[in-house]
1. Can you give the FRET efficiency for Asp146 and Glu20, using 1/(1 + (r/R0)^6), R0 = 45 Å, r = Cβ-Cβ distance, to the nearest 0.05?
2. Could you please state how large a percent of the accessible area of the chain is carbon and sulfur, counting protein chains only and using a 1.4 Å probe?
3. With the crude spin-label approximation of a point 7 Å out along Cα→Cβ, what separation in nm comes out for Leu267 versus Gln87?
4. Exposed loop sites here are trypsin sites (Lys or Arg not before Pro) in DSSP loop states with at most 16 other C-beta atoms within 10 Å. What is the longest stretch of the chain lacking them?
5. Calculate the dipole size of the chain relative to its Cα centre from +1 charges on Lys and Arg beta carbons and -1 charges on Asp and Glu beta carbons; express the result in debye to the nearest 20.
6. Given R₀ = 30 Å, what would the calculated FRET efficiency be for Asp104 paired with Glu27, taking r from the Cβ atoms and rounding to 0.05?
7. Say each of Asp198 and Arg226 gets a label point 7 Å from the Cα, pointing the same way as Cα to Cβ; how far apart are those two points in nm?
8. Post the alpha-carbon centroid distance, region 1-80 to region 180-237, in whole angstrom.
Amino acid sequence: MFIDSHCHIDGPEYDADREEVIARAREARVATMLNVGTGDPHTDAFERAVELAEKQEGIYAAIGVHPHDAKLFDIGAERRLIDVARQSKKVIAWGEIGLDYHYDHSPRDVQRDVFRRQLRIACEMDLPVVIHSREANDDTISIVRDELSGYAKEGAKYRERAGVLHCFGGSLAMASEAIELGFFISFAGNLTFKKAEDLRDVARRLPLDRLLIETDCPYLTPVPFRGRRNEPARVIETARCLAEIHGKELEEIGRVTSENFVRLFRLEL
Ligand SMILES: [Zn+2]
Ligand SMILES: [Zn+2]
C-alpha cells in the first residue's frame, strides 16, 4: 500500500480521464490520496477539490491559498475557505500555504503576511498544514517557529503533528529543524532525477518515521516517465528511490510512509 500525500487531480489536466487516473492508482495499490486544492479563493476552485474528495473513497482534500495567489487573499477569502473546510470531514489539512521566492507571483511581504494568517487559521481549526517553500527556507522556518510555538500543548515546545513540508528540496539543516517543529518531510518525483544527488543525500540522513511520498501531479513526473503528465500511481517510483537510498524493501517504504500519513492526519484506514 502506498499513499500519495500531495496531488492535484481535481484540475483541468484530468478532466478528460480522471476516473481512469484514479482507477490506475488503485490498481497500483495507491488507494489513498490527498488532493490539494489551489486557485483563486473567490471562485469555486476549492469547492471543486472538496467535491472530488466527497465523491471518491480514499481521496481527501486540503484547502488553503497557495503563495502564488497570496495577493488574492482577504477576509472574504478567509471566511469562504473556513466555511468550505467546515462542511466536509474529508478536509484533513490546510494548504498548500507558504512562500515561493522563485516565481514571486505575489509580493514577498504579502506572502509572509498571508502565510502567517493561514498558519493561525489552521491552528485554530486544529488542522495540520501543508507547506510549500521555494527559495525561502529561512523565512519559512522562522515564521513557522514564531507562529506555532503559541499552539504547543503544555509541556511541549511546539505543536505536535504540525504538518508537512511538501515537495522537499531544502537542506538537511532545514529538514531537521522542521522535524523538531513537529513536521513530516515529503519527497516528490524530483528525488529520482539524475541530478538530485544532494537531495538524495538529505533523504538518506532523515528518519523514515518522518517521511512521506507524493507526486505533486500533474508536475514533477519521476524517472523513467519524465516528459509525460504525472499521476498518483507514479508515487511508487519515489518510494522505490527512497527504498534504494535507505536499503529497504519497497513494500516497507510503502508501509512506513502510509503509517506516517495516517499518524499525521489522524486517520483510521
Ligand atoms: Zn507546492
Ligand atoms: Zn502542490
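The values are calculated or read from the model by the stated rules, or taken from the named source; none is laboratory data. Everything quoted here is computed from the prediction, not taken from an experiment. Positions of Cβ are generated from backbone atoms using ideal geometry, with glycine treated the same way; all protein chains shown enter the neighbour counts. Just so you know, the surface numbers come from the protein's heavy atoms only, side chains and all, with ligands and any DNA or RNA stripped out. Shrake-Rupley method; radii C 1.70, N 1.55, O 1.52, S 1.80 Å.
1. Numbers: r = 45 Å, r/R0 = 0.99.
Calculated transfer efficiency: 0.50.
2. Carbon plus sulfur share of accessible area: 47 percent.
3. 2.2
4. With a cap of 16 other Cβ atoms within 10 Å, the longest stretch comes to 90-152.
5. It works out to roughly 440 debye.
6. On the way: r = 40 Å, r/R0 = 1.34.
Efficiency, from the Cβ-Cβ distance: 0.15.
7. Simple spin-label model gives 1.7 nm for this pair.
8. Between the Cα centres of region 1-80 and region 180-237 lies a distance of 19 Å.
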